[in-house]
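This report refers to the structure that appears directly beneath it.
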Amino acid sequence: MNCKKAERLIVRYVDGELSSPLVDRLEVHLSACSPCRLKYEEFKRLSKLIAQWEPTRPALGYEALRERIRQRERVRSISALPVPRWAAAILSLISIGIGFTAGIRSERPVRPHTASVNQVASIIGLSQHDDLVEAAILTGFRNVISEKSGAKR
Amino acid sequence: MADYDAELMKRAALGDEDAFATLFNRYYARAVNVAYRFLGNRDAAEDIAMDAFARIYEGRCAFRAASKFSTYLYRVVINLCLNAAKRRSVVREEALSDQHESDSQVDLAARAQSKEISTLVRDAILRLPANQRLAIVLITYEELSYKAAAEAMGISVKALESLLHRAKTNLRKALADYMG
């Protein structure tokens, strides 16, 4: 047996998983090869060391399991409502769509009413074509005045 | 023992609640400890063990006596642990608790040293990749045979041997300063 093969078997040997013919061959090798014997000693010490991680003691008992089972049953009974999954998905999509549309409509901004240039022109007695520029200026004044009065209020 | 477990499962499938309670009492601590040593967290471990037994209870009628109950339980616990580990970025946490605090006879210094070694071992194991960690937990702590551990993990015995070799080599490096 060479060292490479021996190294592969050492872990099994330490774990007590080596069949007896292989145990004999490995032991012969270990008695003659100090590097492999050293590795074997190390793996043995490692096993002892890692065994020092203490187990934990459970805090819960069978009653907690009964409660867990009841809880799972409740969840299942809710999810098992007599509506097929595809139908539930379509209904969800439709309701989301309706909600979205309604939201957009209700949030559409309401434009404040402002008089057009032609309306102002007719109010102050200017002809539509001659004095449109003046009317536009007046409309601008009107908007400014209405904004200011709104702010005061 | 395996036949006894199979008998208990059979009775549980027929509605015998006490039979399932007996199985629970026989294996619950083991299930908790497999999860605890895989995740490094007591609460999460207990949650997983509860979940495993709840699932086994729900599927008790489908249990086939061809596989050992313990192997079946380990498989369920392992799957839940792997899923939990995927969800949690960090596996380890919590300080080792005061399991021995009632033992006033033990020397305080020795207890502190033992606790420190226990923490070091735990941290080294929790740093191993998931499959190597599982192999170590099942072989070293649960003392399963290679065959039973491989079956529980759903891999070949050769693959398990390879995982164990890598795991122990990694641990040997990580714990080199503490091996005396």
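The values are calculated or read from the model by the stated rules, or taken from the named source; none is laboratory data. Note that the coordinates shown come from a computational prediction; the quantities given were computed from them, not determined experimentally. Backbone-built Cβ (ideal geometry, glycine too); neighbour counts: all protein chains shown.
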Extreme residue, farthest from the other protein chains (Cβ to nearest Cβ), among residues of the range B:83-106 that are loosely packed, with under 14 Cβ neighbours inside 10 Å and modelled with pLDDT of 80 or more: B:K86
Meets criteria (over 30 Å from B:R42 (Cα atoms) and within 14 Å of chain B (Cβ to nearest Cβ)) for A:Y40: yes
Pick from the range A:65-82, criterion modelled with pLDDT of 70 or more and of a type in the set (A, V, I, L, M, F, W, C), ranking: nearest to the chain's Cα centre (by Cα): A:V75
Residues located in the range B:138-168, provided they are hydroxyl-bearing (S, T, Y) and buried (at least 16 other Cβ atoms within 10 Å of the Cβ): B:T140, B:Y141, B:Y146, B:S162
Flag for B:M179 being more than 9 Å from chain A (Cβ to nearest Cβ) and of a type outside the set (V, I, T): no
Unique match (being within 20 Å of B:K147 (Cβ to Cβ), over 47 Å from the mean Cα position of the chain (by Cα) and buried (at least 16 other Cβ atoms within 10 Å of the Cβ)) among A:L22, A:L30, A:L9, A:L18: A:L18
Helices (runs of 4 or more DSSP H) fully within the range A:1-81 counting 3 or more residues that are in contact (Cβ under 8 Å) with a residue 12 or more places away in the chain: A:3-14, A:20-32, A:34-50
Checklist (1) at pLDDT below 95; (2) closer than 25 Å to A:E17 by Cβ; (3) within 11 Å of another protein chain (Cβ to nearest Cβ) applied to B:T119, failing item: (2)
Per-region count, the range B:1-21, residues within 14 Å of another protein chain (Cβ to nearest Cβ) and buried (at least 17 other Cβ atoms within 10 Å of the Cβ): 5
Filter result (surrounded by fewer than 19 Cβ atoms within 10 Å (Cβ to Cβ) and touching a residue at least 12 places away in the same chain (Cβ under 8 Å)) within the range B:22-41: B:T22, B:R26, B:R30
Residue check for A:S79: more than 30 Å from B:R30 (Cα to Cα) and out of contact with any Leu (no Cβ under 7 Å at 6 or more places or on another chain): yes
Given (1) touching a residue at least 60 places away in the same chain (Cβ under 8 Å); (2) buried (at least 16 other Cβ atoms within 10 Å of the Cβ), number of the condition B:A135 does not satisfy: (1)
